[in-house]
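What follows is a single structure, and I will ask about it in a moment.
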Amino acid sequence: MTTESSSRADAISTYKGHERALRADRLGTGGLLLSVLAATAPLMVVAGVMPTTFAVMGIVGQPLLFVVLGVVLILFSIGYAEMSRHVHNAGAFYAYISRGLGGTAGAGAALVALVAYNALQVGIYGIFGFEVSGLFATYADLEIAWWIPALVAALAVGALGWLKIDVNARVLGVLLVIEVALVVIFDIAAVADPAKEGLSLHAFDPGTLTGAGVGTALCFCIAAFLGFEQAPVYAEETSRPHILVPRVMFLAVGGVAVFFALSSWALTVATGPAAIVGESQKQSAGLLFGLTESRLGATFTDVLHVLFVTGMFAAMLSFHNVVARYSFAMGREGLLPAAFGRTTGSSGAPGTGSLLQTAVAVVVVAGFAIADDKPVGDPTEPVLHLFTWGGNIGALGVILLMAAASFSVVVFFARRGSAGAQAWRLVTSALAGTALLVIAGYTVKDFDVLVGAGPDSTLSLLLPGIIALALLAGVAQGLVLRSRSPEAHARIGLGNEAFQLEKEAGE
């Protein structure tokens, strides 16, 4: 770092006190990678998302879909990573969109991001509560309602969110490493003991990706990747964001694509490609546990059940951290009350944003608990509603944000007069943005399938409408801000750079 840039960084961090900036130098490559990968919840994907995709869509070629999506997201990451070298802001998506498409578009993106990541985080409480309730019933012969462990988890996540991010990274890291190790052990066991069809590569045959279910399967599978795009959110908390953020994004996308492609292939090997759809429809989320028990024993499967729960907890904590940082960035720039734009005491964490996210989680879980008239052990309400609705609302929002960010990259560098130098990155961004819009279109079109509603259900309009409403409300806020306070509107997306400019102007 040059003397000039070092002085600028010092000035930014000390302007109006540390409370206006997140604490830097707390995350290295390992901590940042673990923080973003925890959101992917690998065991939840392997045990939950993969069997559901096989069962509902009837697509044997799910492993190939993960490869295809990995390519699309690598294309996205090329421009997104380059943008991260120029913009360091905890409001990553909306900051990038602001710098490319303007402050009003950025305000819309900010509210979409806040709603989408809240939906993703809160949605997991449904399946978390149901699984913990099941563990108590199995191992302690004690029946408890799903919402009790869900509310306890919400409070625990909120407490951890108030602490330093490096504490969070350690918690996430330990859980993630154990989780991944167990899935890898299953993959090896499946390959060592395949079904009667042997080590078939049929799941990688492009011919398996035919039929009406492919588009919807893409929606299911892309949700499994969500988390890698969070790396720029932590840029202010790293010592070398221009190096660490791009490195972590490429490691995350590449690692997730390979891991999920191999793990979904292992499922087809363990059951046989011809049987995977039928077995998934029959066993649903129990498919993985049944396969491990027959190959690795009851003890391994019991440990896997516990790690299934801790993996979900890690994902909730990861999404909680992201929501808190988006709230912080929005409060700092006038899109939320100023209290959200200050960090908390010695921890340097975005405490008010953490409290907001915890409050949202508690209110939503309580609402579903009040509406739940099913007996203990019935998964209908918490799993198929809270988890499915929240997950798909959030996934739709993030897909749209990624598409908008891709096009913002093109505009940003074109306006700077560097389109020629960045030509290949702009091409990859345009291709990724187009592909992501197509996936978003399939998501909206097939939302009734994604949430398990009937084709004529109003849910297929109401639930995606939440993202549309957030976008319209955010754009309206941006327009009002531009009219009433042009200076504040011009600061949207600038983060600490805006405070530094104010300081320099006052000297």
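The values are calculated or read from the model by the stated rules, or taken from the named source; none is laboratory data. These figures come from a predicted structure and were not determined experimentally. Cβ sites come from the backbone with ideal geometry, for glycine too, and all protein chains shown count toward neighbours. These accessible areas exclude ligands, DNA and RNA; they are computed on the full protein's heavy atoms, side chains included. Shrake-Rupley method; radii C 1.70, N 1.55, O 1.52, S 1.80 Å.
Can you order the peptides 300-306, 200-206 by their average number of other Cβ atoms within 10 Å per residue, highest first?
Ranked from most to least packed, the peptides come out as 300-306, 200-206.
Compute from the Cα atoms of the range 219-287 the Rg and the Dmax, the latter being the longest Cα-Cα distance, and quote both in angstrom.
That works out to 16.9, 51 Å for Rg and Dmax.
If we count every other residue with Cβ under 13 angstrom of residue 102's Cβ, Lys/Arg +1 and Asp/Glu -1, where does the sum land?
Summing Lys and Arg as +1 and Asp and Glu as -1 gives +4.
Turning to a different aspect of this structure: What does the net charge come to around residue 312 if you take all other residues with beta carbon closer than 11 Å to its beta carbon, with K and R at +1 and D and E at -1?
Once positives and negatives cancel, what remains is -2.
Between residue 430 and residue 143, what is the label-point separation in nm under the 7 Å Cα-to-beta-carbon projection?
That separation, rounded to one decimal, is 6.2 nm.
What do you reckon, how do 294, 263 stack up by accessible area (1.4 Å probe), largest on top?
Ranked from most to least accessible, the order is 294, 263.
OK, next. Hey, quick one: spin label on residue 468, modelled 7 Å out along Cα-Cβ, who in the range 446-460 has an amide N within reach, i.e. under 11 Å?
Output list for this probe position: 460.
Helix-only mean residue ellipticity at 222 nm, the chain, DSSP H runs n ≥ 4 weighted -39,500 (n - 2.57), per residue, nearest 500. What is it?
Helix-only estimate at 222 nm: -24000 deg cm²/dmol.
Where does the charge balance sit around residue 79 when Lys and Arg score +1, Asp and Glu -1, over other residues with C-beta under 15 Å from its C-beta?
+3
Also: Could you work out what % of the accessible surface of the chain is carbon and sulfur, using a 1.4 angstrom probe and leaving DNA, RNA and ligands out of the count?
Carbon-and-sulfur percentage of accessible area, whole number: 67.
If you stretched the chain out fully between residue 29 and residue 240, how much longer would it get, using 0.36 nm times the residue separation minus the C-alpha to C-alpha distance?
Gain in length upon complete extension: 75.0 nm.
Thinking of the range 392-458 as a set of Cα atoms, what percent of all their pairs are more than 21 Å apart?
For the range 392-458, the fraction of Cα-Cα distances above 21 Å is 39 percent.
With the crude spin-label approximation of a point 7 Å out along Cα→Cβ, what separation in nm comes out for residue 136 versus residue 373?
2.4
Could you give the length gained by full extension between residue 298 and residue 156, i.e. 0.36 nm per residue of separation minus their alpha carbon distance, to one decimal place?
Extending this stretch completely gives an extra 48.2 nm.
Shifting gears a bit: Give, in nm to one decimal, the length gained when the segment between residue 184 and residue 247 is fully stretched (0.36 nm per residue of separation minus the Cα-Cα distance).
Extra length from residue 184 to residue 247 when fully extended: 20.3 nm.
Solvent-accessible area per residue for the chain at a 1.4 Å probe radius, Å²?
37
Now for a different question. Once amide H atoms are placed 1.01 Å from N in the peptide plane, what residues at a sequence separation of 5 or more from residue 146, or on another chain, have their amide H within under 5 Å of its amide H?
Sorted by chain and number, the residues that satisfy this are 377.
Separation of the range 246-275 and the range 406-458 by C-alpha centroid, Å?
Cα centres, the range 246-275 to the range 406-458: 23 Å.
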